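Down below is the structure, laid out as C-alpha cells.
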Amino acid sequence: MNGNDQEWLHNRIAAAVADDFYLDRGEEQRIKEESAARGITTRDCELVLREQLDAHAAVSERLLIAELDRLLHQFTDRDKKLDPKEERDAMSKVVTKAPGKKCGLDPRVAEEYVATFCKANGASRSTDMPKWLVPAAAVAGVAVLAIGAMLMRKDSVPAPQQAAQQNAAAIHQVAASVRLNDNDKAEIDDQLRRAQQYVEAAQYTDPPEKSAKACLDQIKQIDPEGAYRGSEVKALSSRIVTHYLALADGSAAANDMQGAEKWLARARLLRSDRELILEKERALGLVRAER
C-alpha cells in the first residue's frame, strides 16, 4: 500500500469514528469496499483498521459480534441451551467497554444477535416459547389453511393441471427437505453463519478458501435444491452481487473499465442474478460473447 492510500485510509477511518468511537458493520463494509476499489488488499485494510481503532480508542461492531458469537457457541454447542447466567456473561463481555476503549457493543445489536443466533443454531433461551407449543402451533396453522381452502369459492379453485403441479412441487420440496439429516442442517447453519461474517468483513470471493463464496458453495453441495434455508442463501448471494455491481459502477464512473470488468467477473463467480449482471454489462458497454 502506498503512502497516499495509507493516508486516505487513516482519514477515512478517523472520520467514521470521530463522533461516537463506534464503527458499525455497514460503515466498515463501505470502507473495505472503497479500499478494494483503490487496490488496497483485504489484509492491509484489516491491519490498518485495527491499528486506527486502537489509536482512536474506538471499537468495531463486527469484531465485538464475532466475540459474542464465539461465546455463544462456547455456551450452547454441547447442550443447545443458553441459560440466563450464560446470556448475561456473554452480553456483559461485549457490551461493557474494554480497557482502552470508549464504548462497547450497542446493547440493541447484542440482543438482536443473541436472538438470531439461538434461532439459527437451535439453542433455547429461558424466554423462548415452550417447545411443546411449536408443533401445536404448526398443526393449528395447517388446519386454518385447510379450512380456508375448503371455504374458498369454486371459481377460485385451481384447475386440475395447476393443482397437480402445485402438489408435485410441494411433494418434491418436502422430499428434498427430508433427505437432509440433522448433521446436514447443522453444517448449513454453520456455513451460513460463516458466510455472513465474511460478508461483514467484505471477504466476498477473496481469499477463495476463506470467503463468503466458499461457504455458499459448500451449502450448495450439501443442499443443491435449497430445501433448507434456501431463501437466506439466495438473499446473501444477491447481496454480494449487488455490491459488486455498485463497485463496477464506481469504476466505470472513474473511467476505469478494466476495474469495472474485474468487479463484474467477481459477481459472475456467485452464479446468481445472471440477468442483473448481464443488464449491467450492457449498460456499461461490456457485453461478452454468449456464454
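No value in this document is a laboratory result; all are computed from the given coordinates. In this text, all values refer to a predicted model and were calculated from it rather than measured experimentally. Here the Cβ positions follow ideal geometry from the backbone for every residue, glycine too, while neighbour counts run over all protein chains shown.
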Amide proton proximity set for residue 97, modelled H, under 5 Å, gap of 5+: 104
Over 32 Å (Cα to Cα) - which of 81/210; 101/210; 85/220; 32/234; 97/220; 97/210 fall in this group: 85/220; 97/220
Relative contact order (%) - the range 51-126, alpha-carbon pairs under 8 angstrom, separation at least six: 37 percent
Under Karplus coefficients 6.51, -1.76 and 1.60, residue-wise ³J(HN,Hα) of the range 67-80 in Hz, glycine/proline x: 5, 4, 4, 4, 5, 5, 5, 4, 7, 10, 4, 7, 10, 6
Relative exposure of 91, 257, 1, judged by other C-beta atoms within 10 Å (fewest first): 257, 1, 91
Net charge of neighbours whose Cβ lies under 12 Å from the Cβ of residue 191, counting Lys and Arg as +1 and Asp and Glu as -1: -1
Net dipole in debye of the range 182-260 [+1 Lys, Arg Cβ; -1 Asp, Glu Cβ; about Cα centre; nearest 20]: 140 debye
Karplus (6.51, -1.76, 1.60) ³J(HN,Hα), θ = phi - 60°, over the range 14-19, in Hz, Gly and Pro reported as x: 4, 5, 6, 10, 4, 7
Karplus-derived HN-Hα couplings along the range 53-66 (A = 6.51, B = -1.76, C = 1.60, θ = phi - 60°), whole Hz, x at Gly and Pro: 4, 5, 5, 9, 6, 9, 10, 9, 4, 4, 5, 5, 5, 4
Residue 22 long-range amide H proximity, modeled H, under 5 Å: 59
